[in-house]
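Structure record follows, encoded as structure tokens.
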Amino acid sequence: MSYTGTEIFARSIAVIDELSDTGAVSATQTKEYSNRAPYLLDMWQKEMSKNGIEPKAFETSCYRKVNLLGDTMQMGLIVENNAETNSYSGKGAYCFYLETDGDCTLTFAENGAALSGVYSFNGGAETPFTETFSVTVPTGTTSFLPIRGILTASGGTVTMAVSGAYYFRHNNRALSTYKFATADKVPDFKPWYKIAMPSDFKSRTQIVNESSPWQYTESNNHHWEGNNELYVLFSYSGLIRIKYIPVPVKITALTQTLEINDVAAQSGAYYLAEQFAIADQNDALAALCKAKYKELKVESMLKIPLAASEIIDIYYMGGD
């Protein structure tokens, strides 16, 4: 349910008995309180964000990616290159993916003829190439960095040659049939790939897995790292829907709409009333409001599952 800061503020004014004779909130009479209210509400909102803010839903579709080089011999299999050339071929490739931990050169040909395209290294800008391009890893690199790109191919047999002047390693190689408009759309070809969460994602709330036929159990096709990094198994195909707690938007005005539940809204009114009573040196009222605020906060916490988890609805779409 949605509440505005103004609605919560009005309830707090009623608690401290500062309404006008007609039962309205007088802007003149409550000016000192209203000036403080946005700052206080923002502090309260952050304190209640785990329990009182309405969860949001995030949904993404996962699919098993076609790798013309195969899965088991390329994904997660590190190849050491000692100033040599490693070649990989696939018929009908239109995009490629590779990870490297050292400087290297990639060369592409289709049916033996030079092949052009564009590539992006480690999330950088797209760069056109014809047949060959080289990448230089940053100094101090200790992990594998991605190279991805699209090819102006015509459905023939594409060969990707990986070489370098000095020792380096490469991993998670792929040639694929997908036609993408830009290189940054080429997906990660990894045993476990990361799903980007919404920018306001704070934490997940609950886990439910639905899979065919009529299963309602936890699944091992995904894993969480920390509170907000989701990794999905490459072979999983289906929909993933996550219920999550969003990072609350900073409150700067009472006119803002807050996505909170009824219990949280009432606790916000008592939180404000407590702060106003403290400023007015009304210790008895402040204590009463504090006790009521704590009571409502506890009630709100009881609605949260004992264990943090994500909601996942799985609709079978083929594959493993």
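Being outside the structural domain of Arg148 (by TED's automatic domain parsing) and either without any contact (Cβ under 8 Å) to a residue 24 or more places away in the chain or part of a strand (DSSP E or B) (or both) holds for only one residue in Leu69, Leu19, and it is Leu19.
Scanning segment 134-151 for residues that are in contact with a Ser or Thr (Cβ under 8 Å, 6 or more places away or on another chain) and outside any strand (DSSP E or B) yields Val137, Phe144.
The set of residues in segment 252-278 that are in contact (Cβ under 8 Å) with a residue 40 or more places away in the chain and of a type in the set (A, V, I, L, M) comprises Ala253, Leu254, Leu258, Ile260, Val263, Ala264, Ala265, Ala269, Leu272, Ala273, Ala277.
So, of the residues in segment 80-95 that are of a type outside the set (Phe, Trp, Tyr) and outside any strand (DSSP E or B), which turns out to be nearest to Leu115 (Cα to Cα)? The qualifying residue nearest to Leu115 (Cα to Cα) is Ala93. Within segment 169-203, being basic (Lys, Arg) and assigned to a loop (DSSP other than H, G, I, E, B) holds for Lys179, Lys190. Here Ser154 fulfils each of the conditions (1) without any contact (Cβ under 8 Å) to a residue 60 or more places away in the chain; (2) part of a loop (DSSP other than H, G, I, E, B); (3) in contact with a Phe, Trp or Tyr (Cβ under 8 Å, 6 or more places away or on another chain) apart from (3). Each residue in segment 159-168 was checked for being within 18 Å of Ala109 (Cα to Cα) and assigned to a strand (DSSP E or B), and 5 of them qualify. With respect to the conditions (1) exposed (fewer than 13 other Cβ atoms within 10 Å of the Cβ); (2) more than 30 Å from Lys297 (Cβ to Cβ); (3) more than 27 Å from the chain's Cα centre (by Cα), Glu59 lacks only one, and its number is (3).
The values are calculated or read from the model by the stated rules, or taken from the named source; none is laboratory data. Remember, predicted model here, so these are calculated numbers, not experimental data. Every residue, glycine as well, gets a Cβ built from its backbone with ideal geometry; the counts of neighbours run over all protein chains shown.
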